[in-house]
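Worksheet: the structure to be examined is printed underneath.
The values are calculated or read from the model by the stated rules, or taken from the named source; none is laboratory data. Bear in mind the structure is a predicted one, so any value in this text is a computation, not a measurement. Glycine also receives a Cβ, built like all others from the backbone with ideal geometry; neighbour counts cover every protein chain displayed.
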């Protein structure tokens, strides 16, 4: 069952819990509700409310996430998070709500179809500009397709009713906010978590397993040079329905059709498109088994939807609006490189833990950095130490000329002085910090600390704030010495 079917719950309470009155929050009543084991959402005369949308359990306690609403409509970016320790004591509350005028109308004057057309026009225009820049994304299609339009509210000084439209394009999935009164475009923002690259269905990829940076894609052929990289594996946790569907992964769409086998024997070489489907299933299942080994039982603990080779561009992306990872087929097929799969799954992990994650530029950069780091740490057991900081080294053979072939690295030496306002480039600052923590604490301890810290992120967190909660998680899990090592890693990147 895909986690995208999470059902939002709003439990009204008259006398306890979070009460929204002119955006004031009763921390006393919140703490009281926590002590009593209650989770509540209450409305005031203003029409504003909090809806409990997710409850997560981590190593240190529980984490309750609330969506701010106004007259039943979601407030874009409006949230409240309450963190409770194992004893039921509230340890912190993060209030990310926006002010909404009590007289704001929720009646749309612009039809949904008109808003969708406006949104797609804005997306198509930006996609055209992107193609004009050349490079890897120069020939990607389509420019935009119709998406869903839902009413929502934007808060703050320019509070308004908007249509929230999602569209697919060359850039992945875009969220466009269209003023429901005037029809003007308020914002158009890419919400996919992108990774540029291709790969093979190996462990993790042919360049690493064969320790050979000269290997070439050869138009998806099973060449003599690539054949030794094929590895026989056991596919665990299958549902048993003859498809690549299981406890943690579900292939929902694929070029040429979804792989099926009555006896569950999915034996294909890399020149068969079904090979990439097996790669996605195997490597995500491996990831979840590892996360459970670390002690986490609610980190994307559901069947993750994948679409394989359904996007012809040289790109892959995670779509938080549908909770789907799409693997592209341009260049080296992306799902042929486990590090591309792991990177995209890293985005799904963060989105599962923190609803709406990635609202700020630095949060987006951290998402890319975490995805790169997660790809590298998952490679550790199978890479035999082969240039571990190099990310997506098989995928990168289709668009780089020098060895080693790397899309990005986790050891660039970048600091906050090197910020350029581009999420993939700035993400290398964060990934280097995480990689240093990995070296200081060891793989398992580092990943426990990093995942635990994520539970305390805000959707629009800064690197400094995220670093502080990661240090705190290290202290609570492993003591002062571990916290000092984590602090040192962040200071080296000038994050703290």
>> Regarding region 75-82, can at least one residue be identified that is over 24 Å from the mean Cα position of the chain (by Cα) and either at pLDDT below 95 or closer than 30 Å to residue 462 by Cβ (or both)?
In response: no
> Can we say residue 489 is under 25 Å from residue 351 (Cβ atoms), touching a residue at least 12 places away in the same chain (Cβ under 8 Å) and in a helix (DSSP H, G or I)?
Replying inline: yes
> Within region 223-242, can one find any residue that is closer than 28 Å to residue 450 by Cβ, in contact (Cβ under 8 Å) with a residue 60 or more places away in the chain, touching a strand residue (DSSP E or B) at 6+ places or on another chain (Cβ under 8 Å) and surrounded by fewer than 19 Cβ atoms within 10 Å (Cβ to Cβ)?
Replying inline: no
> Taking the condition free of Cβ contacts under 8 Å to residues at least 12 places away in the same chain and under 18 Å from residue 184 (Cβ atoms), does residue 117 pass?
Replying inline: yes
> Tally time: how many residues in region 86-104 are without any contact (Cβ under 8 Å) to a residue 40 or more places away in the chain and out of contact with any strand residue (DSSP E or B) (no Cβ under 6 Å at 6 or more places or on another chain)?
Replying inline: 2
> Within region 215-246, restricting attention to residues that are closer than 21 Å to residue 326 by Cβ and in a loop (DSSP other than H, G, I, E, B), which residue is modelled with the lowest pLDDT?
Replying inline: 217
> Which of the residues spanning region 77-91 are closer than 20 Å to residue 179 by Cβ and either assigned by TED's automatic domain parsing to the domain that holds residue 469 or buried (at least 21 other Cβ atoms within 10 Å of the Cβ) (or both)?
Replying inline: 78
> Any idea which of 415, 400 is over 30 Å from residue 218 (Cβ atoms), surrounded by fewer than 24 Cβ atoms within 10 Å (Cβ to Cβ) and more than 18 Å from the chain's Cα centre (by Cα)?
Replying inline: 415
> Which ones in region 172-214 are modelled with pLDDT of 85 or more and at positive phi?
Replying inline: 183, 211
> Mind checking which residues of region 267-291 are within 22 Å of residue 302 (Cα to Cα) and surrounded by fewer than 23 Cβ atoms within 10 Å (Cβ to Cβ)?
Replying inline: 278, 282, 285, 286, 289, 290, 291
> Is it fair to say residue 451 is in contact with a helix residue (DSSP H, G or I) (Cβ under 9 Å, 6 or more places away or on another chain), crowded, with 16+ Cβ neighbours inside 10 Å and either part of a loop (DSSP other than H, G, I, E, B) or at pLDDT below 95 (or both)?
Replying inline: no
> Looking at (1) more than 28 Å from residue 57 (Cβ to Cβ); (2) crowded, with 21+ Cβ neighbours inside 10 Å, which is the one condition that is false for residue 249?
Replying inline: (1)
> Does region 330-368 hold any residues that are more than 23 Å from residue 54 (Cβ to Cβ) and surrounded by fewer than 24 Cβ atoms within 10 Å (Cβ to Cβ), and which are they?
Replying inline: 330, 331, 361
> Out of region 83-101, which residues are within 23 Å of the chain's Cα centre (by Cα) and farther than 21 Å from residue 350 by Cβ?
Replying inline: 97
